[in-house]
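The structure appears right after this line, and notes come after that.
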Amino acid sequence: VPQGRKISYYNPRLTRKRRGPDRIEYRVRGTYGGDRGDYTGPTAAETADVTAVKIMLNAVISEPDACWLTTDISDFYLGTPMDSPEFMRVPLKYIPEATMTKYHLHDLVCNDAVIMRLDKGIYGLKQAGRLAQQRLIKHLETHGYTETSTPCIFHHATNSVSFALVVDDFGVKYTHKADAEHLLASLDQLYRIKTNWTGDAYIGYDIRFGTCPHSAVRTVTMGMPRYLPN
């Protein structure tokens, strides 16, 4: 570890994620102790405002041929290259023996721990979200998607796609399926993504499209039916 650099701690975090109406996945996510790092650069990353998302949904039902889908990036904060490495102490009790053997870590043990150098983003780093977002925006620009004057609302220069971006969650409005597939293929070049063509869930909301009972007027309803029980 270079002289003067801080060594933070490894922080295992228990998380849960809903995988359907009746299934919850429990995980342990390893994170960096961000309160002890020595990074002093900018950390802020913008997200689309909920009001902007609602306006986009209104546009979907107002335009006769408009459609909606959602997609999100898996492990978005992981793997983004950093200009300067960070350092983290990982106690041996968190490292399986098979991992110690595979990566020849026994010779690196000091005070019942191994010091890890982080060259790419990991959960807990103050700068992880900003760096991941900058990388994503740069990648999108190479495929013709640019941010509008409204923060984290993007559109394409020539096709029908526009989308709201909240961290790694995309709410996508499009007219032609081929245009939507262009966006998904562009993302797939750099990330693992999961796409929901019905778009019935986004940023915690259940989203339902329909029509008025006595007319052909399209409607959209947003709700959070599981919020209070949870």
Considering the stretch 71-92, residues that are among the charged types (D, E, K, R) and closer than 16 Å to G33 by Cβ, and then whichever is surrounded by the fewest Cβ atoms within 10 Å (Cβ to Cβ), we arrive at R89
With a cut-off of at least 3 residues that are touching a Cys at 6+ places or on another chain (Cβ under 8 Å) and among the hydrophobic types (A, V, I, L, M, F, W, C), name the strands (runs of 3 or more DSSP E) lying wholly within the stretch 63-145. none
Members of the stretch 128-162 found to be among the aliphatic types (A, V, I, L, M) and open to solvent by 60 Å² or more (accessible area, probe 1.4 Å), listed by number: A157
Residues being open to solvent by 50 Å² or more (accessible area, probe 1.4 Å) and under 15 Å from E141 (Cα atoms) - total across the stretch 168-195: 5
Please indicate, with yes or no, whether at least one residue in the stretch 39-54 is open to solvent by 20 Å² or more (accessible area, probe 1.4 Å), of a type outside the set (S, T, Y) and assigned to a strand (DSSP E or B). no
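The values are calculated or read from the model by the stated rules, or taken from the named source; none is laboratory data. Keep in mind the model is a prediction, meaning the values are calculated, not measured. Neighbour counts are summed over all protein chains in view; Cβ atoms, including those assigned to glycine, are modelled from backbone coordinates with ideal geometry. Heavy atoms of the whole protein, side chains included, go into the accessibility calculation; ligands, DNA and RNA do not. Shrake-Rupley method; radii C 1.70, N 1.55, O 1.52, S 1.80 Å.
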